1. Of the cross-linked pairs Lys318/Lys381; Lys97/Lys339; Lys133/Lys356; Lys84/Lys179, which ones have a Cα-Cα span greater than 31 Å in the structure shown?
2. To make sure I understand, if each residue's beta carbon is the centre and we count other beta carbons within 10 Å, what order do Tyr369, Tyr29, Tyr330 fall in, fewest to most?
3. Taking the Cα atoms of the range 173-300, what is the range of coordinates along each of the three principal axes, in descending order and whole Å?
4. So if we plug the beta-carbon distance of Leu150 and His209 into 1/(1 + (r/R0)^6) with R0 = 25 Å, what FRET efficiency do we get, rounded to 0.05?
5. With a ≥ b ≥ c the root eigenvalues of the C-alpha gyration tensor of the range 109-179, is it rounded (a/c under 1.5), prolate (a/b larger than b/c) or oblate?
6. Sort largest first and round to whole Å: the equivalent ellipsoid semi-axes of the chain, each the square root of five times a Cα gyration tensor eigenvalue.
7. Normalised by the empirical 2.2 N^0.38 Å for globular proteins, what value does the Cα Rg of the range 2-80 take?
8. Would you mind calculating the gained length between Ser327 and Arg378 on full extension (0.36 nm times residue separation, minus the Cα-Cα distance), in nm to one decimal?
Amino acid sequence: MNILVLGAGQLARMMSLEGAPLNLHVRAYDVGSEQIIHPLTFHSFEQTLVEAIAMVDVITCEFEHIPDDVLELCCQSGKFFPGKAAIKTGGDRSIEKNLLEKSGVPSAPFKLITEREHLIEAVSLLGLPLVIKTCQAGYDGKGQWRLKSLEQVDEIWAEMAGFIASGSDDFPHTIIAEKMIPFDREVSVIGARDKAGNVHIYPVTENQHTDGVLTLSLAAEIDANVQQQAIDAFHKLATSMDYVGVLAIEFFDVDGQLMVNEIAPRVHNSGHWSQQGTACSQFENHLRAVAGLPLGDTQLQKPSVMINVLGQASISSKVLEISDVKSHWYGKAQRAGRKMGHINVSAPTNVELGQKLLQLAALLPEADYPGVLATGQRLIKS
């Protein structure tokens, strides 16, 4: 079976790697260059998007910010999963908020903003501090502001107004202000849903961020009540969208109660640990779902951690001397802060996983790999 992925980054790359053993052949559409490429070799095919759509059996995507004309073309083929509505929801926070309200899934109180007066109203309605986010084109902490005092309003509004003005009548730009939630931690859940509505859900993952970018995800035993809340939210949202594929949901954990931060209609960075911690990774399960194959096992086989490699061109070879540690590289040109790859590590128990993280911490500088040491120390005490 031939599959076209919209987007040609590391997620398409890992889908290609997981698809080959299933006889699923992946090509990718580079939205920037408008070329069809092989996501592993980066070989460019002499093929237009229209021609690629005609030759493949299934179309899917690796990110949300896809031009509307491309989405429409793919949807007209009847081959595109999870569908235009799901991608639009993941790419626009205002649509996402409406879905959450309609589905009865808790999230932070909010107000949409298109003019300065709305910002003043948000302060009055929600109080300070506020987290302000662009509804479109925001990711990895970009397109966000923190409003902590009224003295900041004019400065922040000037930046917000520039973003709003950059929109058009066909593609308006909007901004959302949310009440800042004092949360204990961020967690996420990833699940797969097939065309018949069958669902397999991975264990809830604890995530750590630095400057708005995910640096580490831990999949280990978690409170049953938290897991059930995440499962319930997944079922409500996936059913509401008639979703097909892998869906990720990020939550704030507030004293054991979950509130959705955002959703991602695709495979997700916080699920990379599944390459090692489960029998069927999120990448394989996404392909299984969109290709009409049975979903694979999502049970946690052993506690696992994913560590992002940000801006580093290499790691010490000694990292790979540690048992059950694997590196995954994305074939990208080095750039500060860029996601260059990730490291997966697993172990039979939390304590043994903590010991491996302490070994890794001795080889990975804290400045570049924050949280590895602290997480290892915490697991050893668990």
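Here, each number is a calculation from the coordinates, and none is a lab measurement. The model shown is predicted, which means the values in this text are computed figures rather than measured ones. Reconstructed Cβ throughout: ideal geometry from the backbone, glycine too, with neighbour counts over all protein chains shown.
1. Beyond 31 Å between Cα atoms: Lys133/Lys356.
2. Least to most surrounded, the residues fall as Tyr330, Tyr369, Tyr29.
3. Ordered largest first, the range 173-300 gives principal extents of 41, 35, 27 Å.
4. Between Leu150 and His209 the formula returns 0.35.
5. Judged from the Cα gyration tensor, the range 109-179 comes out prolate (a/c at least 1.5, a/b above b/c).
6. 30, 28, 21
7. Compactness ratio reported: 0.97.
8. Gain on stretching Ser327 to Arg378: 16.1 nm.
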